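Some notes on the structure that comes next.
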Amino acid sequence: MEAVVASLLLGLFAAAAFGAMLLEILPRAVANMAAHPGKAAFNWAMNMSRLWFRFPNTNKLQRPHTLGYVLFNSALLAALGLCAYPLWRNRRRLPPEIWVLLAFAGIATGGSSLLSAVPRMLNPIMPVFFIVIGYTFGQLVEVRWKSTN
């Protein structure tokens, strides 16, 4: 029991120390982004690329399994892109649950891409993407096969 309490206290201390460090660094980071908006936008774009495709990595050899990230996540991004227009067109009819899921996915993806990004940060958000894609193609889009007659 004492070990559990000690580890909880250590965790709280570490979280407080990280929060204090973040509060110290944040004003300098915002000032740096304001002074160099082009560089900040470039770094954000590279973080989004790392988040979705695990590419580019500096000072590291690219491995063949990166291709798996590129193929799977490209298909996922294409499906999400195809969902954008039907979701926007039917935005007044969307249930509140879909709005909550979209907000969560947007905040989590955007927040993950600001500081540093690795593909595992998408893992908690993947089910949300699949739910949104399933809802869009199940409720908002009608796909019919063209008859040859």
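The values are calculated or read from the model by the stated rules, or taken from the named source; none is laboratory data. This one's a predicted model, so the numbers in the text were calculated from it and none came from an experiment. A quick note on method: Cβ atoms are made from the backbone with ideal geometry, for glycine too, and the neighbour counts reach across all protein chains shown.
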For this session: Kindly indicate whether Ser147 is out of contact with any helix residue (DSSP H, G or I) (no Cβ under 6 Å at 6 or more places or on another chain), part of a loop (DSSP other than H, G, I, E, B) and either among the hydrophobic types (A, V, I, L, M, F, W, C) or on the phi < 0 side of the Ramachandran plot (or both).
Result: yes
Exercise. Is it the case that some residue within the range 129-146 is among the polar types (S, T, N, Q), under 24 Å from Leu26 (Cβ atoms) and either surrounded by 15 or more Cβ atoms within 10 Å (Cβ to Cβ) or at pLDDT below 90 (or both)?
Worked result: no
Problem set entry | Subset of the range 99-146 that is touching a Phe, Trp or Tyr at 6+ places or on another chain (Cβ under 8 Å) and of a type in the set (A, V, I, L, M, F, W, C) - its residue that is farthest from Ala75 (Cα to Cα) | Leu114
Exercise. Can you name the residue in the range 15-69 that is among the hydroxyl-bearing types (Ser, Thr, Tyr) and surrounded by 14 or more Cβ atoms within 10 Å (Cβ to Cβ) and is also modelled with the highest pLDDT among such residues?
Worked result: Ser49
Exercise. Just checking, which of Ala79, Ala6, Ala108 is modelled with pLDDT of 95 or more and not charged (D, E, K, R)?
Worked result: Ala79
